[in-house]
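Engineer: Before I ask anything, let me first share the structure, which is written out below as structure tokens.
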Amino acid sequence: MRHRYWTFAVLVLCGGAFAQTAAKAEKRDMELVGYHDLQGRSAYQPLIHRQGDRWIAYIGHHGGRSRNPLTGAEEPNGTSILDVTDPKSPRYLAHVPGEAGKDEAGGAQMVRVCDGSELPKGDRSKVYLLRSYGDTAHEIWDVTDPAKPAILATVVGKLKGTHKSWWECDTGIAFLVSGVEGWRARRHPQVYDLSDPAKPFFIRNFGLPGHEPGASGPVPSTLHGPISTGAKHNRVYFAYGANSKGVLQIVDREKLLSGPKEPTPENLVYPQIARLDFPPQFGAHTTFPVLGMEIAEFAKDKDARKRDFVVVTGETFRNECQEARQMVVFVDVTDETRPVGVSSWAVPEKSGDFCSRGGRFGTHSSNESFAPVYYKRIMFFAHFNAGVRALDIRDPFRPREIAYYIPAVTARTEKRCVGKGAEERCKTAIQTNNVEVDERGYIYAVDRANTGMHILRLTGAAREAMK
């Protein structure tokens with residue numbers, strides 16, 4: 001395949017100056033459209049937002065430091081903002097520094113974006129960014145001009161943990177991942193009304209019984225992230241325990257917002273519809289609802305032809321398979337009070353000798369976009385050194401891989417190690433961390449080991465499956 005995506009001038013201006021020469025990409029029915037090195041920053045969450053006639057990528061980063069060619073300064077990793085209107089030539093617009101620190105102790109991992117024209121009390125001419133600030137705060141930024149982001153408000157500070165929050169643009173309600181002093185969990189839900197982004201309004205703290213101040217006994221798994229279906233479907237799906245002792249909690253959104261807010265065990269259970277505790281080796285990093293599935297296999301059945309599912313993805317933590325493998329689990333929630341796992345999926349290790357490649361091997365996350373181009377048909381999963389994997393999910397009882405893309409490492413790619421002292425060994429490997437899609441059908445994969453962002457598209461038989 002021939003690529004003519006960058007000129008020398010673009011490389012200099014945008015910082016995408018590292019060619020993928022250390023190894024060849026591996027692929028099936030998925031191809032590279034464009035690439036940017038993201039200034040060599042460890043990347044976590046990509047979000048693609050349409051602003052007028054432009055498409056803007058907002059990328060949250062893990063902690064660390066790197067030089068910003070736009071300013072010439074060494075800056076703590078924070079939020080990268082790129083124009084991806086032309087996906088062949090992504091253009092770096094701005095870097096918003098995050099909190100100093102390494103890995104999850106610094107940076108600004110989470111990003112959500114809402115238009116003021118959609119928020120009930122927003123300035124209709126504005127675009128707003130919600131992001132975490134390291135482990136200590138959540139912030140609102142004005143990104144109306146994405147090349148000139150400006151701080152607007154601190155939603156909450158003095159926290160002991162943050163992570164991947166959710167923001168409903170049509171209502172302004174935000175479900176934040178926070179760690180409030182006095183609470184026993186490093187991360188638990190906080191609910192805020194951000195319908196006027198300049199004036200955050202606190203609604204309540206939430207969590208599993210045992211998270212609350214004054215509780216005793218073992219502390220339940222900490223929150224990783226929520227996904228809300230908004231006022232229309234009235235559900236919030238919480239994922240606790242990213243790597244082990246995973247919990248899927250299904251919550252009545254209205255009861256969560258309007259119910260009793262004192263954090264007693266009874267009040268914490270009040271909005272809960274169901275709680276599914278996984279075995280210790282299964283994590284719950286992402287809980288993505290796929291609702292109203294019409295499954296061809298059951299088309300002639302009298303009952304249960306249309307079903308609801310939550311796709312639960314666990315996060316692999318340790319390098320070179322030094323723990324139980326994390327995977328994707330499809331949970332049937334048609335009867336919400338009795339959720340049941342019906343299938344699972346992961347990349348077969350022997351298909352690429354992945355345990356020996358270096359770095360993490362196993363799932364991390366799924367896309368979170370409800371864009372109709374893929375919703376209820378195809379999902380994309382970040383699988384660390386196995387790259388991006390595309391699954392046909394139209395029969396959730398039998399998910400089927402239809403495409404994959406494992407990027408090539410670059411001069412930016414950071415080594416991953418196991419062992420200590422004389423026993424330590426290190427290898428360079430792709431670590432595809434998170435993946436997202438836009439309404440045009442492009443796929444965005446970002447790398448934990450500093451390799452950058454890969455913009456992809458389906459080809460061949462996989463592209464036909466979109467139709």
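Engineer: State all residues of the stretch 185-227 that are small (Gly, Ala, Ser) and under 18 Å from Arg112 (Cα atoms); if no residue qualifies, say none. Break it down stepwise before answering.
Structural biologist: Of the residues in the stretch 185-227, the ones small (Gly, Ala, Ser) are 185, 195, 198, 207, 210, 214-217, 221, 225.
Scanning the stretch 185-227 gives Ser195, Ala198, Gly225.
Engineer: Could you grab me the full set of residues in the stretch 425-446 that are over 12 Å from the mean Cα position of the chain (by Cα) and either surrounded by 23 or more Cβ atoms within 10 Å (Cβ to Cβ) or closer than 17 Å to Leu32 by Cβ (or both)? Please lay out each step first, then the result.
Structural biologist: Let us first name the residues in the stretch 425-446 that are over 12 Å from the mean Cα position of the chain (by Cα), namely 425-431, 438-443.
Those that are over 12 Å from the mean Cα position of the chain (by Cα) and either surrounded by 23 or more Cβ atoms within 10 Å (Cβ to Cβ) or closer than 17 Å to Leu32 by Cβ (or both): Ala429, Ile430, Gln431, Asp438, Arg440, Gly441, Tyr442, Ile443.
Engineer: Which residues, taken from the stretch 61-113, are β-branched (Val, Ile, Thr) and touching a strand residue (DSSP E or B) at 6+ places or on another chain (Cβ under 7 Å)? Steps first, please.
Structural biologist: Initially, the stretch 61-113 is screened for residues β-branched (Val, Ile, Thr), giving 71, 79, 81, 84-85, 96, 111, 113.
Result: Thr79, Ile81, Val84, Thr85, Val96, Val111, Val113.
Engineer: Here is a further query. Just to verify a result, which residue in the stretch 364-401, among those that are of a type in the set (Phe, Trp, Tyr) and assigned to a loop (DSSP other than H, G, I, E, B), is most open to solvent (accessible area, probe 1.4 Å)? Outline the logic, then answer.
Structural biologist: Restricting attention to the stretch 364-401, the residues satisfying the condition of being of a type in the set (Phe, Trp, Tyr) are 370, 374-375, 380-381, 384, 397.
From what is left, the residues that are assigned to a loop (DSSP other than H, G, I, E, B) are 370, 374-375, 397.
Values: Phe370: 76, Tyr374: 6, Tyr375: 50, Phe397: 54 Å².
Among residues in the stretch 364-401 that are of a type in the set (Phe, Trp, Tyr) and assigned to a loop (DSSP other than H, G, I, E, B), the one most open to solvent (accessible area, probe 1.4 Å) is Phe370.
Engineer: Looking at the stretch 145-161 only, could you name the residues that are farther than 12 Å from Ala198 by Cα and either modelled with pLDDT under 95 or surrounded by 17 or more Cβ atoms within 10 Å (Cβ to Cβ) (or both)?
Structural biologist: If the condition is that a residue be farther than 12 Å from Ala198 by Cα and either modelled with pLDDT under 95 or surrounded by 17 or more Cβ atoms within 10 Å (Cβ to Cβ) (or both), then Pro146, Pro149, Val156, Leu159, Gly161 are the ones that fit.
Engineer: If you don't mind, there's one more thing I want to ask. Assess whether Lys261 counts as being of a type in the set (Lys, Arg) and in a loop (DSSP other than H, G, I, E, B). Spell out the reasoning first.
Structural biologist: Details: of a type in the set (Lys, Arg): yes; in a loop (DSSP other than H, G, I, E, B): yes.
Taking the combined requirement at face value, the residue satisfies it.
Engineer: Hand me the list of strands (runs of 3 or more DSSP E) wholly inside the stretch 37-141 holding 3 or more residues that are open to solvent by 30 Å² or more (accessible area, probe 1.4 Å). Explain how you work it out, then say what you get.
Structural biologist: Details: elements: 43-51, 54-63, 65-68, 73-76, 79-83, 91-96, 103-108, 111-115, 127-133.
In the stretch 37-141, 103-108 are the strands (runs of 3 or more DSSP E) which contain 3 or more residues that are open to solvent by 30 Å² or more (accessible area, probe 1.4 Å).
Engineer: Of all residues in the stretch 238-265 being in contact (Cβ under 8 Å) with a residue 40 or more places away in the chain and among the polar types (S, T, N, Q), which is surrounded by the fewest Cβ atoms within 10 Å (Cβ to Cβ)?
Structural biologist: Thr264
Engineer: Let me ask you something else. Kindly list, by first and then second residue, each pair from a residue in the stretch 272-284 that is on the phi > 0 side of the Ramachandran plot to a residue that is open to solvent by 50 Å² or more (accessible area, probe 1.4 Å) and part of a loop (DSSP other than H, G, I, E, B), limited to pairs with Cβ atoms under 8 Å and residues at least 6 apart or on different chains.
Structural biologist: none
Engineer: Can you name the residue in the stretch 304-318 that is open to solvent by 40 Å² or more (accessible area, probe 1.4 Å) and of a type in the set (A, V, I, L, M, F, W, C) and, of all such residues, is nearest to Ala382 (Cα to Cα)? It would help to see each step written out before you state the result.
Structural biologist: Let us first name the residues in the stretch 304-318 that are open to solvent by 40 Å² or more (accessible area, probe 1.4 Å), namely 304-308, 317-318.
So of that shortlist, the ones also of a type in the set (A, V, I, L, M, F, W, C) come out as 304, 317.
Values: Ala304: 31, Phe317: 13 Å.
Of everything passing the filter in the stretch 304-318, Phe317 is nearest to Ala382 (Cα to Cα).
Engineer: If I go through the stretch 220-237 residue by residue, how many of them are closer than 23 Å to Pro280 by Cα, open to solvent by 30 Å² or more (accessible area, probe 1.4 Å) and more than 18 Å from the chain's Cα centre (by Cα)?
Structural biologist: The qualifying residues number 0.
Engineer: Given (1) under 21 Å from the mean Cα position of the chain (by Cα); (2) more than 19 Å from His138 (Cβ to Cβ), where does Gly72 come up short, assuming only one miss?
Structural biologist: (1)
Engineer: Also, quick follow-up: Give me the residue from the stretch 267-303 that is part of a loop (DSSP other than H, G, I, E, B) and in contact with a strand residue (DSSP E or B) (Cβ under 9 Å, 6 or more places away or on another chain) and, out of that set, surrounded by the fewest Cβ atoms within 10 Å (Cβ to Cβ).
Structural biologist: Going through the stretch 267-303, the residues part of a loop (DSSP other than H, G, I, E, B) turn out to be 270-271, 278-285, 295, 299-303.
Subsequent filtering for residues that are in contact with a strand residue (DSSP E or B) (Cβ under 9 Å, 6 or more places away or on another chain) retains 270-271, 278, 282-285, 295.
Numbers: Tyr270: 15, Pro271: 20, Phe278: 21, Phe282: 22, Gly283: 31, Ala284: 33, His285: 26, Ile295: 17.
So, considering only residues that are part of a loop (DSSP other than H, G, I, E, B) and in contact with a strand residue (DSSP E or B) (Cβ under 9 Å, 6 or more places away or on another chain), the one surrounded by the fewest Cβ atoms within 10 Å (Cβ to Cβ) is Tyr270.
Engineer: For the stretch 169-201, give me each residue that is open to solvent by 10 Å² or more (accessible area, probe 1.4 Å) and touching a helix residue (DSSP H, G or I) at 6+ places or on another chain (Cβ under 8 Å).
Structural biologist: Result: Asp170, Thr171, Ile173.
Engineer: Can I ask one more? Against the conditions (1) of a type in the set (A, V, I, L, M, F, W, C); (2) out of contact with any Pro (no Cβ under 7 Å at 6 or more places or on another chain); (3) in contact (Cβ under 8 Å) with a residue 24 or more places away in the chain; (4) under 28 Å from Arg305 (Cβ atoms), where does Cys321 fall short? Just the number, please.
Structural biologist: Answer for Cys321: the failing condition is (4).
Engineer: Let me ask another. Got a number for residues in the stretch 162-214 being part of a strand (DSSP E or B) and under 13 Å from Gly225 (Cβ atoms)? Walk me through it before giving the result.
Structural biologist: Keep residues of the stretch 162-214 that are part of a strand (DSSP E or B), which gives 162, 166-167, 173-178, 188-193, 201-205.
Restricting the remaining residues to those that are under 13 Å from Gly225 (Cβ atoms) gives 162, 166-167, 174-178, 188-190.
So the answer is 11.
Engineer: Here are some residues: Lys415, Lys420. Which one is open to solvent by 60 Å² or more (accessible area, probe 1.4 Å), more than 16 Å from Trp55 (Cα to Cα) and modelled with pLDDT under 95? Can you show your working first?
Structural biologist: Numbers: Lys415 fails: modelled with pLDDT under 95.
None of the others qualify; the one that does is Lys420.
The values are calculated or read from the model by the stated rules, or taken from the named source; none is laboratory data. Everything numeric in this text was worked out from a predicted model, so none of it was measured. So basically every Cβ, Gly included, is an ideal-geometry build from the backbone, and we count neighbours across all protein chains shown. Only protein heavy atoms, including side chains, enter the accessible area calculation; ligands, DNA and RNA are left aside. Shrake-Rupley method; radii C 1.70, N 1.55, O 1.52, S 1.80 Å.
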